[in-house]
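Q: Can you keep this structure in mind? I'll have questions shortly.
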Amino acid sequence: MYASLARWSFRHPWRVIGGWVAILVALGLVTSSLGPAYDSSFEIPDSESSDGFDILDAHFGGVGSGTTGSIVFSAEQGVDDPEVEAALTSLFDVIRADENFEGLSLQSPYEPGNERLIARQGEQAGQIAYADITMSFDIDETEASELGRDIEALIEDQGIDEIEGLRVELGGAALGVFEPPESELLGLAFAVFVLILAMGSVVAMGTTIGVAVVGVGIGAILITLLSNVFTVPDFATTIGLMIGLGVGIDYALFIVTRYREALHQGFTPENGVAVALDTAGRAVIFAGLTVVVSLLGMLLIGLSFISGLGIGAAVTVSVVMAASVTALPAALGIVADQIETTTWRGIAASSLIALGLLGAGIGVQFLLVGFPLAVVTLLAGLAAFESNPLRRRLPPRQLVPIRETVWYRWSRSIQARPWVFAIGGTALLLVLASPLLDLRLGFSDEGNYSEETTTRQAYDMLADGFGPGSNGPLLVAVEIGAPGEVAALDGLSQALGAADGVAFASPAQPNDPDAPTAAIIQVQPTTSPQDEATEQLVHNLRDDVIPRAVEGTSLDAKVTGLVAANIDFTSYLGARILLFFGAVLTLSFLLLMAVFRSLLVPLKAVVMNMLSIGAAYGIVVAVFQWGWGGAVFGIEGAPIEPFIPMMLFAIVFGLSMDYEVFLLSRVKEEYERTGDPVNSVADGLASTAQVITAAAAIMIVVFGSFVFEDNRIVKLFGLGLSTAVFIDASLVRMLLVPSTMQLLGARNWWLPGWLDRILPNLNVEGGDHEPSAIPGQ
């Protein structure tokens, strides 16, 4: 099947490539028409916060249960200054009257009963205030961000920002600005250089990157379309770009490398493509499906937010995988044996394009001159005069016998002292993983945004004027069982206000003063939303303060609000992480056992992958939770978002399987050919080390470049994925794999006979790939 698909694509290249381009254009047009509908909201089944939201929906029309934001302002002359009050009141009236802001409710600090929205204590007393904004549930994340930009436009149109001493900022992540990522351009620039160095061919580099970019482009568009169907957060596209670009270049690199090997062995270009897809293509499909299955395993959690992340990333990987086994053979059908040809024109133009990509990625304008210079270089290279240096071809690289390469010698040196390297490598990974023991799951707050953003500036203004807890107040929603117990609400409010860690508790606000059936009490903690003390306060209120305060009454009080919902969401996911890990590990073990017909190889692979993932987790905790190197990465210490370990595990485990399959399939191929358990390891490692190293280097830079984004979650993914790939491709593949396989010897490939008979046969090596075995050679 693989060879037939390769031959058909090779013979009909323009049909295949035209089909992919048509899909890209068609999906682009549909997306431009529909637009995105990103949504980072999430539901928490069977939790106290969700019960509280139900009370708000039933008795208050959902007030307080939707997405929130704020218009925060400070005035040196005081917020009660007539000019300031008139300007802000006018702004609030326009927002309420404008149909563009339908679904948005606003509480002004200048209205009776909202005096709490003006700072009355501390150095900023009377100088800071805010309008509280609540959005209805039908406003998604994209629409909320657009509302934020509309409010900014109103502020500018009304000249509010021109009033001397007055400063206005928009608070809340929902009203913030979504910046599309640019860091992937850094990864592309680096990929150009690495691929030319690794492959020695500009045509091979261009083919590899071109196919990967087409697949990633379609994947990103599909994620945007899917946001109209599923709950997909805004950063899902960035994560999809990050993963898709990394695996897309990897998959294409492995297939192109195998194709060039086939040409060197004497195969014709068509048969070489068939061989490449029947070997490396099989491994790509298996590795890609492993990544997809790992990501789709997140659907087992049963939360739409998590499912949206998993579906988005899985769709991108699936598209990239499909492009690698269809569009890539078609592209190879066009270049054929010219893939081995490299001219100085190609080298110079590629370098200039990489320079331009680098400039676009880091925002250095003068480097963009690389793009027009590349065009000039290509045109100059067309000049057909004999002495034109740009038309000269570089001499082909001399092939070095496998057993004379540095990688073969490296493997044999490791195998000579297997216990030392196996124990030393494992110990190092355990040390790197040790911070994981202090992992604290939770949601970081807006205090982690860049200091230049309006979201962060509003957060700091609120903290200065009202205390850090003002950025995440709690709501206590109370159902009143009997009319005569309304008086008990005062006691509940007083008990809440007297609790440790509470800055203040508002009087109870009934839904109907004449016949109340429910009430709301706002509780402001003394600590920020992400502070561990705030989480302890929520548990204390639920377990101790509220039960004692309502004892002997029929009041049913629930602690809810965004902060409480985040805590419940974290608890829900934390309780299911091990289940998810177990399911993915078990499935991966069974798949590897079927592929390699071995019991110990898949067991060893699972253990080593867990060690490398644990080490990556440890580094993430040290940087993003403890704050080590925070000044370098532009972050402060905060808890780790509860969905991140799950996402990192699914992605990293799948990517680890890529290298596992590519390396061990060659080792097994050598072992079955020679029966030598020692040299088969060294030969397999030497055959794949260069391409694995190049692929890993590209992934490390592609993932690592996202550390330069402003979004903390994207930064975290970038660092986590880049360190995981680095550890996996270096310590694991180049150290632990040869040492442990040396220790086990022929036992690596042992499988009980009864198990061999019942396991399906998943072949990732293909058939006979000697030139004499292929018709027409």
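The values are calculated or read from the model by the stated rules, or taken from the named source; none is laboratory data. Keep in mind the model is a prediction, meaning the values are calculated, not measured. Ideal geometry is used to build each Cβ from the backbone, glycine not excepted, and the neighbour counts take in all protein chains shown. Quick note on the areas: whole protein, heavy atoms, side chains included, nothing else; ligands and nucleic acids left out. Shrake-Rupley method; radii C 1.70, N 1.55, O 1.52, S 1.80 Å.
Q: Report the label-to-label distance for S450 and I577 in nanometres (one decimal), using points 7 Å from each Cα along the Cα→Cβ vector.
A: Here the answer is 2.9 nm between the modelled labels.
Q: Using the Kirkwood formula on the Cα atoms of the stretch 146-233, what hydrodynamic radius do you get, in angstrom to one decimal?
A: That comes to 17.3 Å for the stretch 146-233.
Q: List the extent of the Cα atoms of the stretch 398-557 along each of their three principal axes, largest first, rounded to whole Å.
A: Sorted largest first, the three principal extents are 91, 41, 27 Å.
Q: If you count only protein heavy atoms with a 1.4 Å probe, what accessible area per residue comes out for the stretch 518-579, rounded to a whole Å²?
A: With the other protein chains kept in place, the stretch 518-579 gives 40 Å² per residue.
Q: Run the reach check for K604 against lysines, Cα to Cα strictly under 25 Å, same-chain hits fewer than 8 apart removed. What comes back?
A: The reachable lysines, counting only those whose Cα sits under 25 Å from K604, are K668.
Q: If each residue of separation counts as 0.36 nm, what is the full-extension length gain between V431 and A482 once their alpha-carbon separation is subtracted?
A: 12.4 nm
Q: Relative contact order of the chain, please, whole-number percent, based on alpha carbon pairs below 8 angstrom and at least 6 residues apart.
A: It comes to 18 percent, rounded to a whole number.
Q: What percentages, rounded to whole numbers, describe P(r) for the stretch 228-276 computed over all alpha carbon pairs with 10 Å bin width beginning at zero?
A: The percentages, shortest bin first, are 25, 28, 20, 17, 10, 0.
Q: Mind giving me the FRET efficiency for W628 and A594? R0 is 60 Å, r the Cβ-Cβ distance, nearest 0.05 is fine.
A: According to the calculation, E is roughly 0.90.
Q: Using a basic spin-label model with each label point 7 Å from the Cα along Cα→Cβ, how many nm lie between V30 and R417?
A: About 5.9 nm separates the two model spin labels.
Q: What do you get when you divide the Cα radius of gyration of the stretch 404-472 by 2.2 N^0.38 Å, with N the number of residues?
A: Cα-based Rg divided by the globular estimate yields 2.23.
Q: Placing unit charges on C-beta atoms (Lys and Arg positive, Asp and Glu negative, everything else neutral), compute the dipole magnitude of the chain about its Cα centre in debye, rounded to 20.
A: Charge dipole, the chain, about its Cα centre: 6160 debye, nearest 20.
Q: Then there is this: Express in nm, to one decimal, how much length is gained between E636 and S4 on full extension, taking 0.36 nm for each residue of separation and deducting their alpha carbon distance.
A: Gain on extension, E636 to S4, equals 222.1 nm.
Q: Between D98 and L300, what is the FRET efficiency for a Förster distance of 56 Å, r being their Cβ-Cβ separation, to the nearest 0.05?
A: Computed FRET efficiency for D98 and L300: 0.80.
Q: Taking all protein chains in place and a 1.4 Å probe, what share, in percent, of the accessible surface of the chain do carbon and sulfur account for?
A: That share works out to 60 percent.
Q: Compute the longest continuous run of the chain that contains no exposed GluC sites (Glu not before Pro); treat a site as exposed when its DSSP state is not H, G, I, E or B and it has at most 13 other Cβ atoms within 10 Å.
A: Within the chain, the longest run free of exposed GluC sites (Glu not before Pro) spans 552-777.
Q: So what are the ³J(HN,Hα) numbers for the stretch 724-731, from phi and the Karplus equation (6.51, -1.76, 1.60; θ = phi - 60°), rounded to whole Hz, Gly and Pro as x?
A: 5, 5, 4, 5, 5, 7, 9, 4
Q: Charges on Cβ only, +1 for Lys and Arg, -1 for Asp and Glu, centred on the Cα centroid of the stretch 569-703; of L648, V678, I692, which one is farthest towards the dipole's positive end?
A: L648
Q: Two decimals is fine: what is log10 I(q)/I(0) at q = 0.12 Å⁻¹ for the stretch 1-135, from a Debye sum with one equal scatterer on every Cα and no solvent?
A: -0.72
Q: Can I ask one more? Using the Cα centre as the reference, give the magnitude of the dipole from point charges on the C-beta atoms of the stretch 320-467 (Lys, Arg: +1; Asp, Glu: -1; all else neutral), rounded to the nearest 20 debye.
A: 1160
Q: From the Cα gyration tensor of the stretch 373-448, with a ≥ b ≥ c the square roots of its eigenvalues, which class applies: rounded if a/c is under 1.5, or else prolate if a/b is larger than b/c, or else oblate?
A: Taking the square roots of the gyration eigenvalues as a ≥ b ≥ c, the stretch 373-448 is oblate.
Q: Something else now. Take the Cα pairs of the chain, get the Kirkwood Rh, then feed it into Stokes-Einstein at 25 °C and 0.890 mPa s and tell me D in µm²/s.
A: D, rounded to a whole number, is 85 µm²/s.
Q: Sticking with this one: Using the Cβ atoms and a cut-off under 12 Å, what net charge is assigned to the surroundings of V317, where Lys and Arg are +1 and Asp and Glu are -1?
A: -2
Q: When the scattering of the stretch 298-378 is computed by the Debye formula from its Cα atoms alone, each counted once and equally, what is log10 I(q)/I(0) at q = 0.12, 0.14, 0.22, 0.24 Å⁻¹?
A: -0.67, -0.79, -0.95, -0.98
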